[in-house]
Every structure is written in C-alpha cells, then in structure tokens.
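Notes follow once the structure below has been shown.
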There are 2 protein chains.
Amino acid sequence: MDSAQSKPLILVSNDDGIDAKGVHALVDRLIQFGDVVVVCPDSPRSGQSMALTVNSPLRVTRVKDYRDAKMYKTNGTPVDCVKLAMHNVLDRIPTLVVAGINHGSNASINVVYSGTMGATFEGCAYGLPAIGFSLTDHSPNADFEPCYPFIDAIVKGVLERGLPKGVCLNVNIPNSAVPPTEMRLTKSCKGNWTDEYKEYVDPNGGKFYWLTGKFVNEEPDNPDTDEWCLTHGIVSVVPVMLDRTAPEARDFSWLNIHF
Amino acid sequence: MDSAQSKPLILVSNDDGIDAKGVHALVDRLIQFGDVVVVCPDSPRSGQSMALTVNSPLRVTRVKDYRDAKMYKTNGTPVDCVKLAMHNVLDRIPTLVVAGINHGSNASINVVYSGTMGATFEGCAYGLPAIGFSLTDHSPNADFEPCYPFIDAIVKGVLERGLPKGVCLNVNIPNSAVPPTEMRLTKSCKGNWTDEYKEYVDPNGGKFYWLTGKFVNEEPDNPDTDEWCLTHGIVSVVPVMLDRTAPEARDFSWLNIHF
C-alpha cells in the first residue's frame with residue numbers, strides 16, 4: 001500500500017443536494033483529515049429517511065472538483081448515494097462516512113425522517129464509523145462557521161477512536177446568537193409533529209395537501225435531550241443505533257405461540 | 001360516544017400499493033376485529049423506509065370499498081399515507097395501525113429500508129399500537145393463508161394488551177412448504193446486502209445502475225434471530241423501537257466538550 005492509500009478516505013453525502021452550501025462547508029473542514037469524495041443527490045431529498053431506489057435506474061455523474069474533493073451527483077436518495085459510492089465510485093473502503101451539514105435540525109424525531117441521517121445510518125450499515133451534522137438554520141445561505149470547531153473535534157476523535165459497530169452519531173448545532181462553546185452527549189427528545197397538512201383546492205375543484213406542521217416537545221424541561229441543548233445554545237451529539245430491536249427486558253412472552 | 005364509535009378502528013397501510021393482494025388478505029382478517037380504513041400508496045413504494053413528501057403536493061382519492069373496509073389511495077409514501085389518514089381521512093383516533101401484508105421479507109436489516117415498516121413506525125410515532133406483517137414471498141399472487149392464524153392471534157393480543165409506547169412489532173412469516181405452526185419472539189439478525197448494482201449501458205453509451213444484491217447473514221447459526229426462524233419454518237416477531245438513541249452504557253464521554 002503506498003502512502004497516498006494510507007491517508008484516511010472520507011465519503012461525504014447529504015440530503016440537500018450537491019449544490020447546497022452545507023456540503024461545501026463540510027468539505028472545507030474535512031480536507032485537513034484526508035482524501036474526500038462527495039456523492040450527493042442532484043437535487044434536495046429532505047425527508048427521505050433510509051429510502052432506496054428499487055424500481056428505476058440510477059446514474060452517477062462526476063462534476064467539478066471542489067478544492068481537493070472529487071464531487072459526484074446521482075439521481076438517487078441519500079442512501080442510494082452511499083451505496084453507489086461504495087460499489088461504483090470509491091477505489092477503496094472509506095475510513096469514515098460523514099453527512100451534512102444539513103440545513104435544518106435533525107434533533108428529536110427528525111432523526112427517523114432525515115435523509116442526512118439516512119446516509120449516516122447507511123454508512124453504519126457498512127460497518128463504518130459515520131457522523132451526521134446538522135445546523136438549526138434552513139436558510140440556503142446559513143452561516144456554518146459556528147459548526148467548525150465541533151466538526152474538527154468530532155472527526156478527529158472518531159478517526160482516532162472509531163465508534164462501536166452499529167452506532168453512529170447525530171450531531172446538531174444550534175443557530176444561536178452567540179456561537180456555541182459547549183457540546184453534550186444527549187438523547188433524542190420525545191416529541192412529534194402536529195397540524196401536518198395545509199389544504200388547497202386546485203383550479204378544477206380537487207383538493208390537495210402540503211406537509212407542514214409544528215414540532216411539539218414532549219419533554220421540554222429535560223436537560224438530557226437534544227432539543228434542550230439546542231434551545232440553550234449547546235451542541236448536541238446523540239449516539240444512535242442502526243438496529244431497531246427493542247430491549248428484551250419488556251414482557252412480550254405472550255408472543256411465543258405454538259398452534 | 002355511540003356504540004359504533006366504541007368498535008376498534010383499524011388503520012391499514014402498506015408499501016406494495018392499493019392493488020396488492022397482501023393488503024386485501026390483511027383486510028380479510030381484520031374486519032372481524034372492528035372498522036377498517038385502508039390508506040395505501042397508489043403504486044408500489046417498496047424500500048421507502050420512513051420517507052415523507054416535503055416538496056410536492058399530495059392527493060387522497062377514495063376508491064371502491066373492499067368488503068366492509070373503506071379504501072383510499074394517495075400519491076405519497078407509506079409514511080405519508082399514515083399521516084394523511086390521521087389528519088385528513090379518519091373521523092376518530094384509530095385503536096391500531098397495521099401494515100402489510102408485505103410481499104417479501106422484512107427481516108434483518110430490511111426493517112430499516114421497508115416502507116411497510118415505515119408505515120408501522122409512523123403509527124408508533126403517533127403513540128398507537130402498530131404491527132407490520134410480511135410474508136417471505138415476492139410473488140404478486142402469493143398465498144397469504146398461512147399468515148392468518150398468526151395475524152388473528154397477534155391482532156387479538158395487541159387489542160387486548162396494547163404495546164409499550166414507542167415499541168411496535170415486525171412480524172415475518174415464512175413461505176415454507178409446510179405452513180408454520182409456531183411463532184417466536186426474536187431479534188433483528190445482523191446482516192447486510194452485497195453486490196448491490198447491476199451495471200447497464202444506454203443506447204448513447206451512458207452507464208446506469210439498478211439495485212440488486214444478495215443478503216449476507218452475519219449470524220446464520222443464532223436461533224434467537226428472525227432469519228433463523230424464517231429458514232426453520234417459524235414465524236418471527238421482533239419488537240422494534242422508534243427511538244434510535246443507543247444505550248447510554250457505552251463510553252462516549254469524550255464527546256462532552258467545552259471550548
């Protein structure tokens with residue numbers, strides 16, 4: 001193996017698409033750590049969770065390099081991007097998968113819908129350390145600079161220490177008036193969305209609906225949650241699992257049935 | 001509340017679409033338990049995970065009743081179907097959300113990609129008991145009869161006992177030569193997909209890719225897994241969690257950073 005190959009290879013994806021400011025901000029921080037290859041959707045794919053494309057063809061197109069990073073776009077979901085990168089783009093197994101920086105929060109229940117976290121979980125499914133970064137600012141011109149020290153510290157730490165197999169990180173950075181100076185290990189806040197559709201009538205009298213809604217925090221006073229940290233100007237990091245099996249302690253023994 | 005309203009209301013969805021045989025087989029079993037309302041995608045949405053539609057309009061169309069069940073189709077994902085049902089279709093909060101019967105396995109890692117399980121997790125996100133059923137047979141004319149005694153027993157049990165908040169059930173039924181007579185409480189098998197894309201060349205010389213791949217079982221001899229049960233002709237039921245926070249015992253304390 002030559003020395004070039006011993007440099008860490010970092011695979012980057014997102015769900016805001018290849019043109020998003022967030023992914024460029026992420027590359028700005030990652031190039032100090034190794035070779036960076038970016039494979040992103042060709043347009044925004046927010047809310048795509050771990051969706052994958054099973055019934056239509058996928059394409060991968062190389063676009064203009066950004067700094068020292070090779071850039072590719074696909075017509076697929078964030079999970080498709082990671083799978084296509086692993087099978088058809090990268091020339092070696094990456095050291096790390098990083099997704100983001102997402103324009104908007106992926107705290108609380110958003111972690112299950114997020115395409116950014118979908119790409120992160122997919123990296124985890126390949127047995128790789130994986131991190132998703134999000135800033136709580138939806139603006140296309142969001143200022144990602146307050147994220148930098150945290151990205152640097154986390155990426156450095158994960159490259160040195162790795163992560164337990166099957167566990168990846170969901171990092172959310174608050175868009176607060178004063179840049180955050182603290183990061184805490186937390187858990188996903190219990191919460192949900194309400195009032196979820198705006199109703200419209202088309203010119204022919206047909207109804208249609210558009211997703212909207214308001215987040216309801218079910219534990220606003222719990223300082224151990226990601227939401228609490230974000231509202232208090234603190235960066236949140238939640239270790240999240242790919243495996244969804246519930247703890248075995250609960251009593252489900254009635255489900256062992258023999259006819 | 002009149003007596004009609006005290007009957008359980010069961011919301012049904014799937015990811016194989018409103019025309020799939022599996023959802024009709026499910027309704028055949030559920031109508032004995034209460035009022036059934038079906039809201040499914042208008043076409044197959046396999047592999048949609050918990051994807052939701054954020055950037056385009058959604059429609060809900062009532063179609064012909066099936067037996068005593070009201071049937072609706074939407075142009076959205078399975079998660080969209082459950083959300084639209086909760087907000088724009090149902091006249092009261094459902095007692096139970098059931099998804100399936102999926103044409104094909106949702107065991108092992110498939111649980112994270114499955115649209116059927118996406119709908120199930122979405123029911124769980126509303127705080128409702130929720131169950132996803134899958135038969136390990138992709139055929140459009142699969143024989144769902146071996147599923148019936150298990151659907152009856154599980155639905156009856158969950159209606160009587162409920163499920164812990166935040167936990168739902170992933171039920172997989174083997175398509176075995178001899179109909180199964182046993183069901184076991186198991187866990188998601190560790191495993192993954194490999195060789196995932198078939199490569200093509202279009203008439204203009206451009207490459208495109210189509211998802212394929214082979215499942216690799218990482219613990220084939222572990223009888224506590226869903227895959228082991230399915231290969232041994234036993235129905236598997238895995239209690240799965242909406243929350244993805246990893247257990248706190250692991251040492252992530254280096255992530256508590258103060259600059």
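In whole Å, how far is the Cα centre of the range B:29-97 from that of the range A:1-51?
36 Å
Round to the nearest 0.05 the FRET efficiency obtained for B:Ser139 and B:Asn192 when R0 = 22 Å and r is the Cβ-Cβ distance. Working shown, then result.
On the way: r = 25 Å, r/R0 = 1.13.
Step by step, r from the Cβ atoms, then E = 0.35.
Please compute the average number of Cβ atoms from other chains found within 10 Å of each residue's Cβ in peptide B:12-23.
Values: counts 0, 0, 0, 0, 0, 0, 0, 0, 0, 0, 0, 0.
The shielding value for this peptide is 0.
Within 10 Å of each Cβ in peptide B:38-49, how many partner chain Cβ atoms are there on average? Round it to a whole number, please. Could you put the intermediate results ahead of the total?
Numbers: counts 0, 0, 0, 0, 0, 1, 2, 3, 4, 9, 8, 12.
Counting other chains' Cβ atoms within 10 Å and averaging over B:38-49 gives 3.
What value in Å³ per residue do you get for the convex hull of the alpha-carbon atoms in the range A:135-212? Walk me through the numbers before you get to the answer.
Values: hull volume 14.7 nm³, N = 78.
Output value, Cα hull per residue: 188 Å³.
Along Cα→Cβ at 7 Å, what distances in nm separate the A:Thr61 label point from those on the other copies, shortest first?
Its label point is 3.1 nm from the equivalent points in the other copies.
If you put a point 7 Å past Cα along the Cβ direction, how far is that point for B:Thr194 from the same point in each other copy, in nm, smallest first?
Its label point is 5.0 nm from the equivalent points in the other copies.
So, counting K/R as plus one and D/E as minus one, what does the shell of residues with Cβ under 15 Å around B:Trp193 add up to? Please report the intermediate quantities before stating the final value.
Working: positive: A:Lys83, B:Lys190, B:Lys198, B:Lys214; negative: A:Asp80, A:Glu122, B:Asp195, B:Glu196, B:Glu218, B:Glu227.
Residues near B:Trp193 contribute -2 overall.
Got a sec? Which residues in the range B:91-109 would a label at B:Thr231 touch, if it sits 7 Å along Cα→Cβ and we count backbone N under 15 Å?
Residues passing the 15 Å test: B:107-109.
For A:Ile101, A:Ile151, A:Ile257, what's the fewest-to-most ordering of other Cβ within 10 Å of each Cβ?
Working: A:Ile101 30, A:Ile151 23, A:Ile257 17.
Lowest count first: A:Ile257, A:Ile151, A:Ile101.
What residue among A:Asn55, A:Asn14, A:Asn75 shows peak mean-square fluctuation when chain A is described by a Gaussian network model with Cα springs under 10 Å?
The residue that fluctuates most here is A:Asn55.
Provide an ascending nm list, one decimal, of label-point separations from A:Pro223 to the equivalent residue in each further copy; define each label point as 7 Å from Cα along Cα→Cβ.
Copy-to-copy label distances at A:Pro223, shortest first: 4.9 nm.
Rank B:Thr77, B:Thr95, B:Thr245 by mean-square fluctuation in a GNM of chain B with C-alpha springs under 10 angstrom and give only the top-ranked residue.
Maximum among the listed residues: B:Thr245.
Work out the FRET efficiency for B:Val201 and B:Arg59 from their Cβ-Cβ distance, taking R0 = 56 Å, and round it to the nearest 0.05. List each step's numbers first, then the result.
Working: r = 37 Å, r/R0 = 0.66.
Result of the calculation: an efficiency of 0.90.
Taking A:Lys73 as the anchor, which lysines have their alpha carbon closer than 29 Å to its alpha carbon, excluding any fewer than eight residues away along the same chain?
Reachable lysines: A:Lys7, A:Lys21, A:Lys64, A:Lys83, A:Lys156, A:Lys165, B:Lys198, B:Lys207, B:Lys214.
For the protein assembly as shown, which cysteines have no disulfide-compatible partner, meaning no other cysteine Cβ under 4.7 Å?
By the Cβ distance rule, which asks for a partner under 4.7 Å, the isolated cysteines are A:Cys40, A:Cys81, A:Cys147, A:Cys189, A:Cys229, B:Cys40, B:Cys81, B:Cys147, B:Cys189, B:Cys229.
Against the empirical 2.2 N^0.38 Å scaling, what ratio does the C-alpha Rg of chain A come to?
Numbers: Rg = 19.3 Å, N = 259, 2.2 N^0.38 = 18.2 Å.
For chain A, the normalised Cα radius of gyration comes out at 1.06.
In which sequence would A:Ile173, A:Ile109 go, from the one with the fewest C-beta neighbours within 10 Å to the one with the most? Numbers along the way, then the final one.
On the way: A:Ile173 30, A:Ile109 22.
By the 10 Å Cβ count, ascending, the order reads A:Ile109, A:Ile173.
How far is it, in nm, from the label point at A:Phe215 to the one at B:Arg67 when both lie 7 Å from their Cα along the line to the Cβ?
Here the modelled spin labels are 4.2 nm apart.
For the range B:25-154, what is the charge dipole size about the Cα centre, in debye to the nearest 20, if Lys and Arg each add +1 at the Cβ and Asp and Glu each add -1 at the Cβ?
Roughly 420 debye for the range B:25-154.
Please give the Cα centre distance for the range A:135-191 versus the range B:224-259, rounded to the nearest Å.
One Cα centre to the other: 23 Å.
Considering every residue in B:52-63, what mean count of other chain Cβ atoms within 10 Å of its Cβ is obtained? Intermediate results must be reported in sequence, preceding the final value.
Numbers: counts 10, 5, 10, 7, 3, 9, 6, 5, 4, 2, 0, 0.
Mean partner-chain Cβ count within 10 Å for B:52-63: 5.
Connecting C-alpha atoms closer than 10 Å in a GNM of chain A, tell me which of A:Asn172, A:Asn141, A:Asn110 has the biggest fluctuation.
Taking springs between Cα atoms under 10 Å, the residue moving most is A:Asn141.
No lab work stands behind these numbers, since they all come straight from the coordinates. Note that this is a predicted model, so its numbers are computed, not measured. Cβ atoms come from the backbone with ideal geometry, glycine included; neighbour counts cover every protein chain shown.
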